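First the structure, then my questions, so here it is.
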Amino acid sequence: MERKALGKGLGALIPEKSIDGATVRKEEIVYAQIGQIKPNPFQPREDFDQQGIDELTQSIKEKGVIQPLLVRRRGDTYELIAGERRLRAATALGVNEIPVIVREVSDQDSLELALIENIQRENLNPIEEAHAYQHLMDKFNITQEKISTAVGKARVSITNTLRLLKLPHEIQMEMKKGRISFAHGRALLEVDDANQQRRLAQEIISKGLSVRELENLLKSRRPKQIKRNIGPGQRDPMVAILEEQLRHALATKVRISKRKKRGHINIEFYSPQDLQRIVSIIKPQAPADKEEN
């Protein structure tokens, strides 16, 4: 049975939030039977650190559940939105009741709220974060711009996180384990050959390379252009500079191929939303952008 529990003080821990222009209303905090609470099918976190849960279990044992879980109703049960670590810890202790905030939200809102909580607590590794963004884009057709607004991160940060999913699966797994950092992953994306990316990843792990050391290693292995006169097969240094400027402006890979007075620019994109983002940067006054705004 539900019973009224805590006052407005704890309710203020999860403030009202606007999603797509609609305000999510704060709900009354109640106690719910722990067996009534089902896992969140949209939980963005894929791996849970057992040591962290053990520490949280000890904290709950000493002080109780200080912050309520966020849930939504599902018939006679509740579906968890945010707070799975607290739920796991309380379950391990054999707690019968736990404070919850009940909100009526959509599947999309449930994923967004779970994602926001994990990001704000810095619990997600970069690959889990990238998968969550990709899921929002694929399932709910959410743009990177809207994700940026929802999670409070710059759009270029969302783009760079999504690009990590281009790395080989083995490297993604090492990033999930924390043996390769986000910054390492970004540097590896500058290498086109997947096998070379794998070899470099092993060097990062075996030699404990810092990001700066990895970047210096990549520079040392790039072909050096010594001749001033540009012949067949050599690249114009100005073209390389322009490529770098475009990469920075568009937050994606750019390749310029130049032959005498002609050539072409190859700009990579990773989803329909990413393509629209790039188009909006190149042509801000596009009719599609006006309609969306």
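The values are calculated or read from the model by the stated rules, or taken from the named source; none is laboratory data. If you're wondering where the values come from, they're calculated on a predicted model, not measured in any experiment. Heads up, the Cβs are rebuilt from the backbone with ideal geometry, glycines too, and the neighbour counts pull from every protein chain shown.
Somewhere in region 96-118, is a residue under 30 Å from K61 (Cα atoms), touching a Lys or Arg at 6+ places or on another chain (Cβ under 7 Å) and assigned to a helix (DSSP H, G or I)?
Yes, region 96-118 has at least one match.
Something else about it: Return a yes/no flag: does region 143-152 have any residue that is in contact (Cβ under 8 Å) with a residue 60 or more places away in the chain, surrounded by 15 or more Cβ atoms within 10 Å (Cβ to Cβ), assigned to a loop (DSSP other than H, G, I, E, B) and in contact with a helix residue (DSSP H, G or I) (Cβ under 8 Å, 6 or more places away or on another chain).
yes
Looking at R103 and the list (1) buried (at least 22 other Cβ atoms within 10 Å of the Cβ); (2) under 25 Å from K146 (Cα atoms), which single condition is not satisfied?
(1)
What number of residues within region 56-66 are charged (D, E, K, R) and at pLDDT below 80?
Counting residues in region 56-66 that are charged (D, E, K, R) and at pLDDT below 80 gives 2.
Moving on to the next point. Only residues that are under 13 Å from L80 (Cβ atoms), modelled with pLDDT under 80 and of a type in the set (A, V, I, L, M, F, W, C): list them for region 28-55, please.
Within region 28-55, F42 is the sole residue that qualifies.
Turning to a different aspect of this structure: When only residues in region 272-293 that are polar (S, T, N, Q) and touching an Asp or Glu at 6+ places or on another chain (Cβ under 9 Å) count, which is modelled with the lowest pLDDT?
Checked region 272-293; the qualifying residue modelled with the lowest pLDDT is Q273.
Within region 123-158, can you find the residues that are of a type in the set (G, A, S) and within 9 Å of the chain's Cα centre (by Cα)?
Result: A130, A132, S157.
A further question on this structure: Identify all residues within region 224-271 that are at pLDDT below 75 and either β-branched (V, I, T) or part of a strand (DSSP E or B) (or both); write none if there are none.
Result: I226, I230, R259.
Right, another one. Considering each of E129, E112, E84 in turn, give the residue that is buried (at least 18 other Cβ atoms within 10 Å of the Cβ), under 30 Å from I180 (Cα atoms), modelled with pLDDT of 85 or more and of a type in the set (D, E).
E129
Still on this model: State which residue is modelled with the lowest pLDDT when the search covers only region 93-107 and only residues that are more than 15 Å from P39 (Cα to Cα) and out of contact with any strand residue (DSSP E or B) (no Cβ under 8 Å at 6 or more places or on another chain).
Across region 93-107, the extreme among qualifying residues is S106.
Among the residues in region 178-195, are any buried (at least 21 other Cβ atoms within 10 Å of the Cβ) and in contact (Cβ under 8 Å) with a residue 60 or more places away in the chain?
No; the residues of region 178-195 include none that is buried (at least 21 other Cβ atoms within 10 Å of the Cβ) and in contact (Cβ under 8 Å) with a residue 60 or more places away in the chain.
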